[in-house]
Amino acid sequence: MERGVFITFEGSEGCGKSTQAARLGARLKKAGLHVLMTREPGGTAIGEKIRDLLQFAPESASMAPETELLLFEASRSQLVREIIRPALEQGSVVISDRFFDSTTVYQGVARKLEPDIVAILNNFAAGGDRPDLTIILDLDVTAAHARMLRRVRPVVAIDRMEQEPVEFYERVREGYRELARREPGRLVVIDGAQSADAIEAEIWKLLAARFPALPQSELEIRNSKF
Ligand code: TMP
């Protein structure tokens, strides 16, 4: 069977990537393609426990950056082997809200852990699976922070990562831009300040350009495979 397509969404908190991942997934499903949606950290029973530990557990307040790095990689190792790889082998389109570029940028650039070690651990966890296309939604740090604060969530759910100072998010933003400059064939930066509809349209156009076998209209797509 032909391998599926692996698409990841990246960007800072509040950039709109989760909305766009969901919109793209729904659109491809409506067009008749088999789509698997997932996210990092999380996406498996083990990974969701790790996610809780990383983001909300009171114990995580004193977590060492090295522990944090290894937990993100642990979640990824499980997700790749349990969900992503089997789905790709079955020919599905896999859409993940974050993948190893998040670790490169958050732990490697923003937390300033040794980039070479982060790269080795990313490869070890992903086991050679790489996204075919990574969409980065780029947004000014102040605008992203304002959006983040508007999110509806229980008052008790205070995300540890979201407590970081503005300089941390400046490094995250620049880290993504630098990654895109280094790997322009895989990573594409899209202006996250546009309306959700405009971003969705740009992503749809991008897919048609990157995967020429993907038909231009949803009607055409129903009768084919990309
Ligand atoms: P989000 O996906 O809801 O934005 O939250 C995930 C948080 O975890 C976010 O603050 C980014 C962070 N993160 C890392 O620091 N490294 C990683 O490898 C991943 C996947 C996420």
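A few notes on this one:
- Where a residue in the stretch 158-171 is open to solvent by 40 Å² or more (accessible area, probe 1.4 Å) and its partner, wherever it lies, is within 12 Å of the ligand (Cβ to nearest atom) and of a type in the set (V, I, T), with Cβ under 9 Å and at least six apart: E164/V172; R171/V105; R171/V109
- Residue in the stretch 55-64 that is touching a helix residue (DSSP H, G or I) at 6+ places or on another chain (Cβ under 8 Å), of a type in the set (D, E, K, R), open to solvent by less than 60 Å² (accessible area, probe 1.4 Å) and in a helix (DSSP H, G or I) present: no
- Selected residue (criterion: farthest from the ligand (Cβ to nearest atom)) from residues of the stretch 123-144 that are part of a helix (DSSP H, G or I) and open to solvent by 10 Å² or more (accessible area, probe 1.4 Å): T142
- Residue tally, condition at pLDDT below 95 and acidic (D, E), over the stretch 93-139: 0
Conditions tested, residue by residue: (1) under 23 Å from E164 (Cβ atoms); (2) modelled with pLDDT of 95 or more; (3) within 13 Å of the ligand (Cβ to nearest atom).
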{"position": "F9", "(1), (2), (3)": "yes, yes, yes"}
{"position": "P58", "(1), (2), (3)": "yes, no, no"}
{"position": "T67", "(1), (2), (3)": "yes, yes, yes"}
{"position": "E73", "(1), (2), (3)": "yes, yes, yes"}
{"position": "R85", "(1), (2), (3)": "no, yes, no"}
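- Any hit, the stretch 75-92, residues being β-branched (V, I, T) and open to solvent by less than 20 Å² (accessible area, probe 1.4 Å): yes
- Restricting the stretch 11-49 to residues that are open to solvent by less than 30 Å² (accessible area, probe 1.4 Å) and of a type in the set (D, E, K, R) leaves a set whose member that is nearest to I190 (Cα to Cα) is K17.
- Residue count for the stretch 11-56, restricted to those that are within 14 Å of the ligand (Cβ to nearest atom) and of a type in the set (G, A, S): 10.
The values are calculated or read from the model by the stated rules, or taken from the named source; none is laboratory data. Quick caveat, the model's predicted, so the values are computed rather than measured. Neighbour counts run over all protein chains shown; Cβ positions are idealised from the backbone, glycine included. Heavy atoms of the whole protein, side chains included, go into the accessibility calculation; ligands, DNA and RNA do not. Shrake-Rupley method; radii C 1.70, N 1.55, O 1.52, S 1.80 Å.
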